[in-house]
Amino acid sequence: MSEPVLSAQGLRLRYPGGVQALRGVTLEVQPGEVLGIAGESGCGKSTLAGALIHLLGAGAEVTEGAVRLKGEDLTALPERRRRALRGREIAMVFQDPLTAFNPVLKIGAQLTDFQINAEGSTREKRARAAAMLAKVGLEPELAMARYPHELSGGMRQRAAIAAALLMRPNVLIADEPTTALDVTMEAQIIHLLRELQGEVGCAIVIVTHHLGVIAELCDRVAVMYAGEVVEVAPVDDLYHAPLHPYTKALLACDPAVLEANTGRLPTIGGRLPDLTDPPAGCAFAPRCPLASDICATPPPRVRPAPGREALCHKVAP
Amino acid sequence: MPSDASAPVARPEPEPGRERRAAGRALYRSSLRILLKDPMGAMGLILVLVFVAMALFAPWLAPYDPIKLDVMDKFQGPSWEHWAGTDQLGRDLLSRIIYGARTALGIALTSVGLAGLGGIVLGMIAGYGPRWLDAILVLIFDSVSSLPMIMLALAVITVIGPGTDTLILVVVTVSIPAYARLIRAQTLGLSSADFIVAERAMGASSVRILFKHLLPNVVGPLVILLSMDVPIIIMLEAGLSYLNLGVRPPIPSWGNILYDGYTSLRSAPHMVLFAGAPLVLSTLGFTFLGEGLRDALDPKLVKGGA
Amino acid sequence: MTSRDPLSSGQKYLGGVEAEPPPGPARAGPPSAGTPLLQMEDLQVDLPLGGLFSRAELNILAGITLDLPAGQTLGLVGESGSGKTTLARAILGLQSSTGSLAFEGRPLATSADFRAIRRRTALMFQDAAASLSPRMNVAEAVTEPLVIHKAMEGAKRRDKAAELLAEVGLPADMGARFPHELSGGQARRVGVARSLALKPALVIADEPTAGLDVSVQADILNLMADLKARHGLSYLIITHNLALIRHVADRIAVLYLGRLVETGPTARIFASPAHPYTKSLIAAEPKPDPRKRRVDLAIKGEIPGVLRRPRACAFHTRCPLVQDICRTEEPVLRTIAPGRQARCHLIDATN
């Protein structure tokens, strides 16, 4: 594999109150790939998305590890330097794009403002904004003259993607980018991201709980549980030959995998461990059908094939 | 076992009635805790309690009869006998100030309370009732609140004469629209909230929805506003009494003490000082309390702070 | 009303067609069922556009004719803005409507009728936590319907709350919690418990699993299925989630901009959707299988607002198969197969 464009190394993050949201996350993003981060609420996937661009929640603190963007450790840089990297090297799209825009400025003005660090005249910047809006499927002149609230949810998400890609970053982080949208709009945003990824060539990290979105869009997938990455696999392997028992359980209980009305859906019994006092052994063991005594000890990170890894005692190396 | 059920908490099972009261208390207790944590809120609460105690226990706290004349001892400065000195008629100033708290708070709290009550009733009717009634009520609120309070006060006093009742009448009339509009806006916002629609879908009567579900959720902001308005009324009462248009002598009021003080400012400056201090302190107290309540009653902060 | 809306003269005529279907079962219920639990006939909702003296109205729903047989689950599918939530509210009389509605064979007309139906139905909200009064604890919330309908002695409230919570798999001590202290799945269960309090015949669930993780979603769906079996409930489930509705509904009705575009048995609609909109919706759903990736886009654009309802066929602006007739003539809801109806000019041609 080539040099990763972005990587997390042994990242640990703690929220006030002692919640250990990330517990040693190591993950690499290759240039130009689409990496999916899947998991249920509380697994730390959104925290990881924020940490990858060093936008941490209030009081959150990286206690260990590093986030390397083109060789620079984001966790150690001064905020001024991080700001310079954001937008140019790395950008983010949120679940609710309304919060990403200033409500009292028109879209055109904001997209021009976002290029504050770029060279060129205002006219050039406006032209660049218009070109990017056209690329995300919006009518540039129309969209630039609108206020954020005048756009529908889908159009706003397109505008947010345009804003994120304006400076042609190497990495785009998208946190639940389609969760607030209707199915038909979700499909269009997925389609758009796929197209743009081919065109702009940036790596995309998609964080979502929606397994269908990951399957449609990603090259590789990392599954998170209780603040850890429990499995990493190429997308086809993950859906057709999952290794970790949690991944298997998660895939099984998605009603979208069932073609007919079966009466009952499989579920995952039990609940998430308390992350203020995480267990020493495997965090999934209390809910795992395969668990045995050995699972009370920290699970090994098994790499049974190139590009595949699982955090589990029960996966044969 | 459902995946999201909480672990059972080991604690004695409370009685049904008590459980409910305890739950309600818990919500208010956390509000009180937030209020006391905020130094400004805590100071406001203490000041307000001091003045309320002064008003309630005036006969026991005041060393002298506030209207007993002792012309021999007039214009005395502070002394062991008269801590705050005496006024131009030899009345004990401290006693008059303590009784003045009774006048000030009596008027302010009564009028603010009545106006608040009127505001709640009219505001909820406007916010939850039929739209045509709302349109009429809003028109009335707007007309009344376009009258400046001091002008109205002067006009009413001219017609029916000065006095405590007049003051309360004016304040209540002028304050109701502001309170009613606040309650109306809150009610309108909440009447389409899911939990209110849920109540309607369950078949709850309008009376139940209004009093059981809307009222507790709309009074919070009003309480804050009322608390911030109390000092305005105190100042108004003092102002009108200073102009001899408010409380009639010899009833002690901070305003007429202040007036008496000004007329003899040269000979007895202590009167202005001692009558001004409670005005300033009570104003600060209620304002701080209002500011503190603003945070303490915010349910989102109760969540995070609890 | 008829004269104001150019479309409604067509609607009126349609109503006649629907009321007297050609031989064979054309109504949305199975042919064998007795009186359906819930019957809607040409239901229409218009909202006032505002203003004290303005009488202008905005048409939200029209020509909704649907039956829900007792013991069945009817899925109401559509994008946001299709009017599905408005329909749910119209059924309970929370939203005024015209046309006719009947529950358990009795017509609903007066507010007393609707009060009566509210005792026999329950509404589950999309945002379960927001549907609970913020200053009521869980025990009070779940027993609220009993208090409203004076169906319980005060002293039994705590026992009843524990019983209802047990029914949805929550421990009794959850009763002392407040809504903001609940997780998404817990709030949803509390919502289910409250809807069971009066032993309803019909539960209307608006996006019952929106915003839940897949494992919690599966828990809630299983719970709803168990309760249906145990109490003989009927469900009207409103959702845009096709994976969910395919799993739980006996029949589905697809709404687009306030019009029914297709109704029929779930399995058959998914196997061979008739209306182009239904086809696009099914195709748009992301499949959790990378080998089934869609290469082209099933549907473009978004649902137009009700203020800008396209003339003739409302779907023609997005329809991949659009013909001239779709832009000029409003299609009618026709029976296309036993138990199946669709509103499209092209169905004879495409089938």
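The values are calculated or read from the model by the stated rules, or taken from the named source; none is laboratory data. In this text the structure is predicted, and so the values were computed from the model without any measurement. Every residue, glycine among them, receives a Cβ derived from its backbone with ideal geometry; neighbour counts consider all protein chains shown.
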For this session: Output yes when any residue across region A:213-230 is buried (at least 24 other Cβ atoms within 10 Å of the Cβ), more than 19 Å from A:Ala164 (Cβ to Cβ), modelled with pLDDT under 90 and within 8 Å of chain C (Cβ to nearest Cβ), and no when none is.
Result: no
Exercise. Do you know which residues across region C:112-145 are in a helix (DSSP H, G or I), closer than 21 Å to C:Met224 by Cβ and more than 7 Å from every other protein chain (Cβ to nearest Cβ)?
Worked result: C:Ile117, C:Arg120, C:Ala129, C:Val138, C:Ala141, C:Val142, C:Thr143
Exercise. All but one of (1) hydrophobic (A, V, I, L, M, F, W, C); (2) in contact (Cβ under 8 Å) with a residue 12 or more places away in the chain; (3) at the interface with another protein chain (Cβ under 10 Å from one of its Cβ atoms) hold for A:Val183; which doesn't?
Worked result: (2)
Seminar exercise, completed: Of the residues in region C:161-199, those that are in contact (Cβ under 8 Å) with a residue 40 or more places away in the chain, more than 10 Å from chain B (Cβ to nearest Cβ) and not β-branched (Val, Ile, Thr) number 3
Exercise. Looking only at region C:312-351, which residues are under 13 Å from C:Leu257 (Cα atoms) and touching a helix residue (DSSP H, G or I) at 6+ places or on another chain (Cβ under 7 Å)?
Worked result: C:Ala312, C:Cys313, C:Phe315, C:His316
For this session: Filter region A:76-94 for residues that are touching a helix residue (DSSP H, G or I) at 6+ places or on another chain (Cβ under 9 Å) and surrounded by fewer than 19 Cβ atoms within 10 Å (Cβ to Cβ) and give the result.
Result: A:Leu77
For this session: Within region A:57-84, track down each residue that is closer than 17 Å to A:Leu27 by Cβ and in a loop (DSSP other than H, G, I, E, B).
Result: A:Lys70, A:Gly71, A:Leu74, A:Thr75
Problem set entry | A:Leu98 being crowded, with 20+ Cβ neighbours inside 10 Å and within 26 Å of the chain's Cα centre (by Cα) | no
Exercise. So which residues in region B:66-89 are farther than 15 Å from B:Val272 by Cα and in contact with a Phe, Trp or Tyr (Cβ under 9 Å, 6 or more places away or on another chain), if there are any at all?
Worked result: B:Pro66, B:Ile67, B:Asp70, B:His82
Problem set entry | Qualifying residue in region B:163-183 (condition: closer than 19 Å to B:Ile224 by Cβ, polar (S, T, N, Q) and at pLDDT 85 or above) | yes
For this session: For region B:14-37, indicate whether the set of residues that are within 14 Å of another protein chain (Cβ to nearest Cβ), in a loop (DSSP other than H, G, I, E, B) and modelled with pLDDT under 75 is non-empty.
Result: yes
Exercise. When region C:55-82 is examined, which residues are found to be among the small types (Gly, Ala, Ser), touching a residue at least 60 places away in the same chain (Cβ under 8 Å) and away from chain A (no Cβ under 14 Å)?
Worked result: C:Ala62, C:Gly63, C:Ala70, C:Gly71
Exercise. Which of the residues that make up region A:131-169 are in contact with a strand residue (DSSP E or B) (Cβ under 9 Å, 6 or more places away or on another chain) and either part of a helix (DSSP H, G or I) or surrounded by fewer than 21 Cβ atoms within 10 Å (Cβ to Cβ) (or both)?
Worked result: A:Gln157, A:Ala160, A:Ile161, A:Ala163, A:Ala164, A:Leu165, A:Met167
Seminar exercise, completed: Exactly one of A:Glu72, A:Glu64, A:Glu40 is touching a helix residue (DSSP H, G or I) at 6+ places or on another chain (Cβ under 7 Å) and at pLDDT 85 or above, and that one is A:Glu40
Exercise. Considering only region C:207-233, how many residues are of a type in the set (A, V, I, L, M), in a loop (DSSP other than H, G, I, E, B), over 16 Å from C:Phe125 (Cβ atoms) and facing another protein chain (nearest Cβ under 10 Å)?
Worked result: 0
For this session: Count, please, the residues in region A:187-205 that happen to be out of contact with any helix residue (DSSP H, G or I) (no Cβ under 6 Å at 6 or more places or on another chain), buried (at least 24 other Cβ atoms within 10 Å of the Cβ) and assigned to a strand (DSSP E or B).
Result: 1
Exercise. Do we find that C:Ile204 is of a type outside the set (S, T, N, Q), within 11 Å of another protein chain (Cβ to nearest Cβ), surrounded by 22 or more Cβ atoms within 10 Å (Cβ to Cβ) and not in a strand (DSSP E or B) in this structure?
Worked result: no
Exercise. Only one residue in C:Leu255, C:Leu260 is more than 13 Å from chain A (Cβ to nearest Cβ), crowded, with 20+ Cβ neighbours inside 10 Å and at pLDDT 90 or above. Which one?
Worked result: C:Leu260
For this session: Quick one: which residue in B:Ala101, B:Ala58, B:Ala126 is modelled with pLDDT under 80, of a type outside the set (S, T, N, Q) and touching a helix residue (DSSP H, G or I) at 6+ places or on another chain (Cβ under 7 Å)?
Result: B:Ala58
Seminar exercise, completed: Considering residues that are over 16 Å from A:Asp254 (Cβ atoms) and either touching a residue at least 24 places away in the same chain (Cβ under 8 Å) or surrounded by fewer than 22 Cβ atoms within 10 Å (Cβ to Cβ) (or both), the number found within region C:270-292 is 14
Problem set entry | 2 or more residues without any contact (Cβ under 8 Å) to a residue 24 or more places away in the chain: qualifying strands (runs of 3 or more DSSP E) within region A:225-317 | A:301-305
For this session: Restrict the check to region B:225-242 and report whether at least one residue is at pLDDT below 80 and surrounded by fewer than 22 Cβ atoms within 10 Å (Cβ to Cβ).
Result: yes
Exercise. Yes or no: B:Val171 assigned to a helix (DSSP H, G or I) and within 13 Å of another protein chain (Cβ to nearest Cβ)?
Worked result: no
Seminar exercise, completed: The residue from A:Pro234, A:Pro266, A:Pro278 that alone is at the interface with chain C (Cβ under 7 Å from one of its Cβ atoms), over 21 Å from A:Pro177 (Cβ atoms) and more than 15 Å from the chain's Cα centre (by Cα) is A:Pro266
Exercise. Of the residues B:Leu122, B:Leu49, B:Leu105, which is in a helix (DSSP H, G or I), within 24 Å of B:Ile233 (Cβ to Cβ) and free of Cβ contacts under 8 Å to residues at least 12 places away in the same chain?
Worked result: B:Leu49
For this session: Name the single residue, out of those in region C:303-336 being part of a loop (DSSP other than H, G, I, E, B) and in contact (Cβ under 8 Å) with a residue 60 or more places away in the chain, that is farthest from the other protein chains (Cβ to nearest Cβ).
Result: C:Val332
